[in-house]
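These notes concern the structure reproduced below.
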Ligand SMILES: Cc1ncc(COP(=O)(O)O)c(C=O)c1O
């Protein structure tokens, strides 16, 4: 490997939520806690990105952004090159984050009291984006056979009524790590078309697909699907630049796109951050080699975690992810309620993981661990988890 992901960087006092935000988010003031939660990485962004930001900083003038052709070219290049997906410049709309886009989409494409379907357990801001904007969440829980999660199409069709206007798909799925097959996506897309439901496909994790799996951008399946889909993408997870707040929302359907643009305008969002543009361009144009090495390191971390848990914490079950650096662990065998499980991990393990219940009630008894950290840090995190579990049993 050309790149070194073993280097431990101290992130304290960098205004990062993962390490500095524990009091703000969880009310935790304990400085001994090891945080392996929120979905960003403890790795430096690729050198090409750092250089691009430093070059831009060197220029010294940071007035309003404008003239985005090179930004569009970089996004078009990446989607074609990495995902074999041909997109047009006019389909791309930037937002300062995918969560911003999800909220704007609900505003733009629903009326109050409409319903939006989501597949829980799922990324918590999906629930919030729906509720924030006056709609009701319809949960179509994923089915779990103890090893793998699949979509429940029967339940989905049963829950659709005239009030359902939108569906949020997480593809690949956070937190369960599925990369949906083309067959699953086709079946879902057909149900949406048949019932006049617009599909929002959040593909922010699409670049982080692990060996043996292939991500399919939803609109690339058919023109009919393309016209009914909004795809949320970003370089933020892939290259660890979430704090630069740059995401690309891809909307082939002109009518839907105009509604989205009007709503974005009404929120006063019109221009990206100049550093975000530079970082995105550098990452999409020169970051691929780094990404390929990163994925090898993540795979190795996943193997390490799987072996460690099998050998040391047999009461925990690893749900093998097909994508992302987030691993969903089944701790239901411990027989603890959600508060006791959370307390055990915090106070006995001195470890901070995302608690499964925050992803919907189906997540109770599970935790999500972020393995995008140096292996030595992961090892320490797992030994803390082991300690917590053994304090209980
Ligand atoms: C599925 C999903 N969508 C969106 C986001 C966050 O996107 P952003 O930081 O661009 O708002 C995350 C972050 O974890 C995520 O997992």
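The values are calculated or read from the model by the stated rules, or taken from the named source; none is laboratory data. Nothing here was measured: the structure is a model prediction, and the numbers come from that model. Counting neighbours? That spans all protein chains shown, and the Cβs are built from the backbone with ideal geometry, glycine included.
Couple of notes before you dig in:
- Restricting the stretch 324-353 to residues that are part of a strand (DSSP E or B) and buried (at least 23 other Cβ atoms within 10 Å of the Cβ), the residue that is nearest to the chain's Cα centre (by Cα): 326
- For residue 276, the conditions (1) touching a strand residue (DSSP E or B) at 6+ places or on another chain (Cβ under 8 Å); (2) buried (at least 17 other Cβ atoms within 10 Å of the Cβ) are fulfilled apart from (1).
- Pick from the stretch 184-203, criterion in contact with a strand residue (DSSP E or B) (Cβ under 6 Å, 6 or more places away or on another chain) and not in a helix (DSSP H, G or I), ranking: farthest from the ligand (Cβ to nearest atom): 197
Each row is one residue, and each column tells you yes or no for (1) part of a helix (DSSP H, G or I); (2) assigned by TED's automatic domain parsing to the domain that holds residue 317; (3) out of contact with any strand residue (DSSP E or B) (no Cβ under 7 Å at 6 or more places or on another chain).
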| residue | (1), (2), (3) |
| --- | --- |
| 106 | yes, no, no |
| 111 | no, no, yes |
| 117 | no, no, no |
| 122 | no, no, no |
| 127 | yes, no, no |
| 137 | no, no, no |
| 141 | no, no, yes |
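- Criterion (within 26 Å of residue 271 (Cβ to Cβ) and loosely packed, with under 14 Cβ neighbours inside 10 Å) met by exactly one of 158, 89, 131, 107: 89
- Residues within the stretch 204-230 that are surrounded by 20 or more Cβ atoms within 10 Å (Cβ to Cβ), closer than 28 Å to residue 366 by Cα and more than 16 Å from the ligand (Cβ to nearest atom), tallied: 1
- Members of the stretch 268-286 that are more than 14 Å from the ligand (Cβ to nearest atom) and over 19 Å from the mean Cα position of the chain (by Cα): 268, 270, 271, 274, 275, 277, 278, 281, 282, 285, 286
- Residue satisfying all of: in the stretch 91-100; more than 13 Å from residue 272 (Cβ to Cβ) and touching a residue at least 40 places away in the same chain (Cβ under 8 Å); nearest to the ligand (Cβ to nearest atom) among these: 98
- Among the residues of the stretch 50-63, none qualifies, meaning not one is buried (at least 19 other Cβ atoms within 10 Å of the Cβ), within 16 Å of the ligand (Cβ to nearest atom) and modelled with pLDDT of 95 or more.
- Within the stretch 266-314, being at negative phi and in a loop (DSSP other than H, G, I, E, B) holds for 267, 269, 270, 271, 272, 273, 287, 313, 314.
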